[in-house]
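Read the structure below first, then the notes.
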Amino acid sequence: MFIQLDMESQTPLYQQIIKQIVEGILSGGLQTGESLPSVRRLASDIGINIHTVSKSYKVLQQQGYIRMHRRKGAVIAELIPERKSEPQHIVQLKEMLHPIVVWSVRREISSAQINLVVAELIQSIHNDTEGDHL
């Protein structure tokens, strides 16, 4: 498995790993049941801390992209049909919003409040760019 990280990027390394694995799954490059390298192996191969890879795998597991087995390690999970056809920009949007939503939930901000803030931001953008023709 080939993962290429941009050490100068503003995007955290664990998110870069997640993005590349998700892209591999959605493009068909990684197949259901295929094993990923162990945390230690991938960390060693790309020269980063094992905790960074571990965090990536945990997020991928939480999102349903991989399953963890005692003997096989991380394995590509069977994707639900709507996840397979989900446009890449939606996948990326979810990845970017995930830490923000987690932060909000931990501060007991309700779904309604989050939705309201997002709606206000969208409206503000539309108002600011009314003459710009998005």
Problem - For segment 22-29, Karplus couplings with θ = phi - 60° (6.51, -1.76, 1.60), whole Hz, Gly/Pro x - result: 4, 4, x, 5, 5, 7, x, x
Problem - Using a Förster distance of 30 Å, the FRET efficiency for Leu121-Arg40 (Cβ separation, nearest 0.05) - result: 0.15
Handout entry: Positive-pole candidate from Ser9, Ser56, Ile122, dipole of the chain, charges at beta carbon
Key = Ser56
Handout entry: Rg and Dmax of the chain, Cα atoms only, in Å
Key = 17.5, 59
Completion exercise
Phi angles of segment 105-113, converted by Karplus (6.51 cos²θ - 1.76 cosθ + 1.60, θ = phi - 60°) into ³J(HN,Hα) in whole Hz with x for Gly and Pro, give 5, 5, 9, 6, 7, 6, 4, 4, 5
Exercise for the section: For segment 87-133, state which GluC sites (Glu not before Pro) are in a DSSP loop and have at most 11 other beta carbons lying within 10 Å of their beta carbon. Expected result: Glu108, Glu130
Problem - Residue order, fewest to most beta carbons within 10 Å, for Ser104, Ser44, Ser110 - result: Ser110, Ser44, Ser104
Exercise for the section: Show that you can apply the helix-only estimate: for the chain, add -39,500 (n - 2.57) for every DSSP H stretch of four or more residues, divide by all residues, and state [θ] at 222 nm to the nearest 500. Expected result: -18000 deg cm²/dmol
Practice task
Can you tell me what the convex hull of the Cα atoms of segment 87-134 projects to on average, as an area in nm²?
Solution key: 4.1 nm²
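Only the coordinates and a few stated rules stand behind these numbers; no lab work does. Only a predicted model underlies this, so the values are computations on that prediction, with no experimental measurement involved. We place every Cβ from the backbone using ideal geometry, glycine too, and count neighbours over all the protein chains shown.
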